[in-house]
1. Is it the case that region 39-46 has a residue that's under 14 Å from the mean Cα position of the chain (by Cα) and in contact (Cβ under 8 Å) with a residue 12 or more places away in the chain?
2. Scan region 82-96 and give yes if some residue there is crowded, with 22+ Cβ neighbours inside 10 Å, modelled with pLDDT under 85 and not hydrophobic (A, V, I, L, M, F, W, C), otherwise no.
3. Enumerate the pairs (first residue in region 50-76 and of a type in the set (Gly, Ala, Ser); second residue anywhere and in a helix (DSSP H, G or I)) with beta-carbon separation below 8 Å, excluding pairs fewer than 6 apart on the same chain, so at least 6 apart or on different chains.
4. Could you list all residues from region 132-156 that are touching a helix residue (DSSP H, G or I) at 6+ places or on another chain (Cβ under 6 Å) and at pLDDT 90 or above?
5. When residues of region 43-63 are filtered for being surrounded by 11 or more Cβ atoms within 10 Å (Cβ to Cβ) and either at positive phi or among the acidic types (Asp, Glu) (or both), how many remain?
6. With (1) farther than 21 Å from Gln39 by Cα; (2) outside any helix (DSSP H, G or I); (3) at pLDDT 80 or above as the list, and Ala105 as the residue in question, which single condition is left unmet?
7. Quick one: Thr53 ticks every box in (1) under 16 Å from Ile126 (Cα atoms); (2) in a helix (DSSP H, G or I) except a single one, so which number is it?
8. Conditions: (1) at pLDDT 90 or above; (2) of a type outside the set (Asp, Glu); (3) crowded, with 21+ Cβ neighbours inside 10 Å. Ala21 meets all but one. Number of the miss?
Amino acid sequence: MVAPADYVEIVRQRLVADGCAVTDERLGADSVVVGYRAQFRALTRIHLFTVVTSVNRVVEGDLRAFVSDVVGLGLERKSRWLGVHSGIIVLPVLVTEAADPAATALTQKAYRLKRAGFAVMTQPAIVDVKAGKVWTFRGTRVWGFAYNSLIRNKYEAYLPEPSAAAS
């Protein structure tokens, strides 16, 4: 089994390899790794934020709070550019040794933001290193359809299965 802190380091290396600007920051009470990169998709400039931290245990309320904080970070940094030709995708990732079933169930469907506005998407992931599982939505979104493969490809590039990361 790979330790949560070691897994976060693996993700950091993968973010750098993909051309992201990577920083260590504080987000609320958490120390997080933030990967940022902008790219074009479907004639739109997408500001992509991947934010990763390790926690002892993930429960649904903590996952929702983390997603909200990460969305807030993305909006704070890039909201002035939102519009028809610009958008934000945030990928909040919690790495843990214990994930509550309600939290993992939340990651299995397209995450909907309960906020007014447009041009912002998120899809959280939980990496349970003890169970050896990456929990995230792998289906097809109807709203934001053009970005399904982008999100899926980024998670495949950044989040190896924990059993493969240990070797």
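1. Of region 39-46, the ones under 14 Å from the mean Cα position of the chain (by Cα) are none.
Looking through region 39-46, none of the residues is under 14 Å from the mean Cα position of the chain (by Cα) and in contact (Cβ under 8 Å) with a residue 12 or more places away in the chain.
2. Yes: region 82-96 contains one or more residues that are crowded, with 22+ Cβ neighbours inside 10 Å, modelled with pLDDT under 85 and not hydrophobic (A, V, I, L, M, F, W, C).
3. Taking only residues 6 or more apart or on different chains, the pairs are Ser54/Pro4; Ser54/Ala5; Ser54/Tyr7; Ser54/Val8.
4. If we filter region 132-156 for residues that are touching a helix residue (DSSP H, G or I) at 6+ places or on another chain (Cβ under 6 Å), which is where we start, we get 132, 135-136, 140-141.
Selection gives Gly132, Trp135, Thr136.
5. From region 43-63, those surrounded by 11 or more Cβ atoms within 10 Å (Cβ to Cβ) are 44-55, 57-63; that's our starting set.
Within this subset, residues satisfying the condition of being either at positive phi or among the acidic types (Asp, Glu) (or both) are 60, 62.
Of the residues in region 43-63, 2 are surrounded by 11 or more Cβ atoms within 10 Å (Cβ to Cβ) and either at positive phi or among the acidic types (Asp, Glu) (or both).
6. (2)
7. Going through (1) under 16 Å from Ile126 (Cα atoms); (2) in a helix (DSSP H, G or I) one by one, Thr53 breaks only (2).
8. With respect to (1) at pLDDT 90 or above; (2) of a type outside the set (Asp, Glu); (3) crowded, with 21+ Cβ neighbours inside 10 Å, Ala21 is out only on (3).
The values are calculated or read from the model by the stated rules, or taken from the named source; none is laboratory data. Computed from a predicted model, the values in this text were never measured in an experiment. All Cβ positions, glycine included, derive from the backbone under ideal geometry; neighbour counts span all protein chains shown.
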